[in-house]
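To start, the structure itself, in structure tokens.
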């Protein structure tokens, strides 16, 4: 296992152990994070997002990861998050593909990809099934996620 594969493994092991501090330590100060739920987050926002998600899960979050691969500049992993969605208390099993770019031995760019329609069907039931594939619905979910993060950052 090379240094960047070790870094990815450290990140997801910390995530599985609800250790937001160690997760944050894996990121470069100028990190950019992108995913369908939050869109683009930068720098401190990224660590705060993970901290918020871990706190909201109240210990009811299961993280599994596999297929960790990396070279000197890029990497990837598959990971699965199993949790109850806070707004509906519905069980979600979200399968995610992560891509990484490294700088100075840390993650400078982290991109998570997942099927938003599959996620929305689990999280919102019939509403997610009917509307989860639409841009309107996805933008509404993203707006709510960003608002939650903003409120969390104001309290912290």
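In the set 153, 142, 45, 138, which member is in contact (Cβ under 8 Å) with a residue 40 or more places away in the chain, part of a helix (DSSP H, G or I), exposed (fewer than 15 other Cβ atoms within 10 Å of the Cβ) and at negative phi? Show your work before the answer.
Details: 142 fails: exposed (fewer than 15 other Cβ atoms within 10 Å of the Cβ); 45 fails: exposed (fewer than 15 other Cβ atoms within 10 Å of the Cβ); 138 fails: exposed (fewer than 15 other Cβ atoms within 10 Å of the Cβ).
Exactly one residue qualifies, and that residue is 153.
Of all residues in segment 11-26, which are assigned to a helix (DSSP H, G or I), surrounded by 19 or more Cβ atoms within 10 Å (Cβ to Cβ) and touching a residue at least 40 places away in the same chain (Cβ under 8 Å)?
If the condition is that a residue be assigned to a helix (DSSP H, G or I), surrounded by 19 or more Cβ atoms within 10 Å (Cβ to Cβ) and touching a residue at least 40 places away in the same chain (Cβ under 8 Å), then 11, 12, 15 are the ones that fit.
Taking into account only those residues within segment 74-91 that are within 15 Å of the chain's Cα centre (by Cα) and modelled with pLDDT of 95 or more, which is farthest from residue 10 (Cα to Cα)?
Among residues in segment 74-91 that are within 15 Å of the chain's Cα centre (by Cα) and modelled with pLDDT of 95 or more, the one farthest from residue 10 (Cα to Cα) is 82.
Can you give me the number of residues within segment 121-135 that are buried (at least 19 other Cβ atoms within 10 Å of the Cβ) and in a loop (DSSP other than H, G, I, E, B)?
The total comes to 1.
Restricting to segment 48-72, and then to whatever is assigned to a strand (DSSP E or B) and within 14 Å of the chain's Cα centre (by Cα), can you tell me which residue is farthest from residue 83 (Cα to Cα)?
65
For the condition out of contact with any helix residue (DSSP H, G or I) (no Cβ under 6 Å at 6 or more places or on another chain) and either touching a residue at least 12 places away in the same chain (Cβ under 8 Å) or closer than 15 Å to residue 38 by Cβ (or both), what is the one hit in 133, 119?
Being out of contact with any helix residue (DSSP H, G or I) (no Cβ under 6 Å at 6 or more places or on another chain) and either touching a residue at least 12 places away in the same chain (Cβ under 8 Å) or closer than 15 Å to residue 38 by Cβ (or both) holds for just one of 133, 119, which is 119.
What's the total number of residues in segment 86-101 that are surrounded by fewer than 17 Cβ atoms within 10 Å (Cβ to Cβ) and in contact with a strand residue (DSSP E or B) (Cβ under 8 Å, 6 or more places away or on another chain)? I'd like the intermediate steps shown before the answer.
Initial filter on segment 86-101 (surrounded by fewer than 17 Cβ atoms within 10 Å (Cβ to Cβ)): 86-91, 93, 95, 97, 99, 101.
Next, from what is left, pick out any that are in contact with a strand residue (DSSP E or B) (Cβ under 8 Å, 6 or more places away or on another chain): 90-91, 93, 95, 97, 99, 101.
Total satisfying the criteria: 7.
The values are calculated or read from the model by the stated rules, or taken from the named source; none is laboratory data. Because the structure is predicted, anything quoted here is derived from the model rather than measured. Note that we place each Cβ from the backbone using ideal geometry, even for glycine, and neighbour counts take in every protein chain shown.
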